[in-house]
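Working notes for the structure below.
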Amino acid sequence: MKKILPLLSLFLVAIFLWSNCFSQQSQKKVLRTIVIDPGHGGIDQGADGSFSTEAQVSLAVSRKLGKAIEQEFPDSKIVYTRTTDVLPGNKSNKTDALRYRADLANSSGGDLFIAIHCNSAPPIRHSEITGYKTVTSYKGKGKKKKKVTKKVPQYHYWTTPNPAEGTETYIWALSKNDAKVNSVSKIEEDYGEVDSTSNITLPDPSDPAEKARMLIYAQNYFRKSLTFADLIEKGFQSQGRTYRGGVKQRNDKGIWVLQATGMPSVLVEIGFMSNKDEENYINSEKGQDEIVANIVNAIKDYKQKLESRQITSDDKKAF
Ligand SMILES: [Zn+2]
């Protein structure tokens with residue numbers, strides 16, 4: 001027995017060291033590279049606020065996010081699609097820039113893709129009748145000619161700022177008919193990306209290469225993207241941000257990049273440029289620090305879920 005005990009303890013120490021080493025290895029594998037994609041840039045400033053633009057705010061928050069991730073996860077490498085106020089890759093148009101974002105994410109071997117954007121809602125139009133104008137016209141010809149008078153209402157039109165506020169986190173919608181689409185919020189009108197994406201041309205979705213890429217996304221990255229997006233939205237709620245229905249799905253041009261990246265991916269709309277209070281908040285140190293802290297917490301929880309294998313492999317029958 002006296003000889004067995006030291007041997008046994010040696011054996012246990014060896015097992016402990018081996019398992020420790022193994023777990024460290026698996027932890028490193030989970031999030032080796034995180035790609036941060038500040039929306040817009042350069043000639044494409046995105047949504048306008050009263051004193052700032054979406055491209056500027058997205059870049060400021062993205063840079064802070066990258067620094068916070070570096071501190072929290074020193075083993076993870078950060079890749080930015082842009083670090084200055086230009087279109088990614090110094091491209092001259094939005095289409096090329098969008099492809100550059102996806103290509104850079106893929107060639108960097110990213111494990112997670114986070115796009116940062118700001119929302120915007122159009123002003124609300126109002127009208128009221130200010131009075132009536134009498135309009136005279138004639139009907140018929142010759143002796144039958146009749147004078148007709150009509151009162152026409154006169155309108156006064158004006159707009160007021162849209163009070164929409166809060167955050168939205170998007171993932172790529174596999175298909176509008178897919179059952180999973182119903183498990184999260186319905187695809188809603190998005191204000192912020194409509195104008196900025198109108199002149200983007202993308203590959204034909206019926207092209208076999210595009211179809212294959214979407215299938216790969218669906219099989220491997222949809223569930224992970226949804227889990228991560230949900231953590232982000234729940235975090236924003238706990239910070240007191242206005243709830244706008246949780247994780248949303250879209251499959252339009254503005255977020256094409258999400259399925260073009262071979263990794264789980266989310267697009268976070270951190271607040272509304274069109275709302276004065278929110279524009280102030282997302283420009284402030286306090287606001288930016290809170291947004292960054294929330295996303296870092298979401299990454300922590302997501303990483304932990306991956307390491308403990310709480311997120312099972314993705315649905316093989318996504319379509
Ligand atoms: Zn945007």
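If you go through region 266-294 and keep only what is hydrophobic (A, V, I, L, M, F, W, C) and either assigned to a helix (DSSP H, G or I) or free of Cβ contacts under 8 Å to residues at least 60 places away in the same chain (or both), you end up with Ile282, Ile291, Val292, Ala293. Of Ser137, Ser50, Ser92, Ser127, which residue is over 22 Å from Ala260 (Cβ atoms), away from the ligand (no atom under 13 Å from the Cβ) and in a loop (DSSP other than H, G, I, E, B)? Sole residue among the options that is over 22 Å from Ala260 (Cβ atoms), away from the ligand (no atom under 13 Å from the Cβ) and in a loop (DSSP other than H, G, I, E, B): Ser50.
Only residues that are within 17 Å of Cys118 (Cβ to Cβ), buried (at least 16 other Cβ atoms within 10 Å of the Cβ) and among the polar types (S, T, N, Q) were counted across region 281-302, and they come to 3. The listed residues are Arg82, Arg99, Arg63, and the only one of them that is charged (D, E, K, R), within 25 Å of Ile232 (Cα to Cα) and not in a loop (DSSP other than H, G, I, E, B) turns out to be Arg63. Mind counting the residues in region 194-243 that are over 16 Å from Ala102 (Cα atoms), at pLDDT below 95 and hydrophobic (A, V, I, L, M, F, W, C)? Looking only at that region, the number is 5. Checked against (1) within 16 Å of the ligand (Cβ to nearest atom); (2) surrounded by 15 or more Cβ atoms within 10 Å (Cβ to Cβ), Arg99 meets all criteria but (1). Taking the conditions exactly as written (over 16 Å from the mean Cα position of the chain (by Cα) and within 16 Å of the ligand (Cβ to nearest atom)), does Leu87 satisfy them or not? Spelling it out, Leu87 is indeed over 16 Å from the mean Cα position of the chain (by Cα) and within 16 Å of the ligand (Cβ to nearest atom).
Remark: pairs (first residue in region 205-221, touching a residue at least 12 places away in the same chain (Cβ under 8 Å); second residue surrounded by 12 or more Cβ atoms within 10 Å (Cβ to Cβ) and among the acidic types (Asp, Glu); Cβ separation under 6 Å; 6+ apart in sequence or on different chains) = Gln219/Asp314; Asn220/Asp314.
Quick one: is Leu174 surrounded by 11 or more Cβ atoms within 10 Å (Cβ to Cβ), hydrophobic (A, V, I, L, M, F, W, C) and more than 30 Å from Asn280 (Cα to Cα)? For Leu174, the condition - surrounded by 11 or more Cβ atoms within 10 Å (Cβ to Cβ), hydrophobic (A, V, I, L, M, F, W, C) and more than 30 Å from Asn280 (Cα to Cα) - is met. Listed by first and then second residue, the pairs with beta-carbon distance under 7 Å, at least 6 apart or on different chains, first residue in region 236-263 and among the aliphatic types (A, V, I, L, M), second at pLDDT below 90 and not in a helix (DSSP H, G or I), are Val247/Val184; Val247/Ser185; Ile255/Trp172; Leu258/Trp172. Scanning region 212-265 for residues that are aliphatic (A, V, I, L, M) and part of a loop (DSSP other than H, G, I, E, B) returns Val247, Met263.
When Ile116 is tested against (1) touching a Pro at 6+ places or on another chain (Cβ under 7 Å); (2) over 11 Å from Gly41 (Cα atoms); (3) assigned to a helix (DSSP H, G or I), exactly one condition is not met: (3). Checked against the criterion of being within 16 Å of the ligand (Cβ to nearest atom) and either modelled with pLDDT of 85 or more or not hydroxyl-bearing (Ser, Thr, Tyr) (or both), region 146-161 contains not a single residue that satisfies it.
The values are calculated or read from the model by the stated rules, or taken from the named source; none is laboratory data. What you see is a predicted model, and the numbers here were worked out from it, not measured in a lab. All Cβ positions, even for glycine, are placed from backbone atoms using ideal geometry, and neighbour counts span all protein chains on display.
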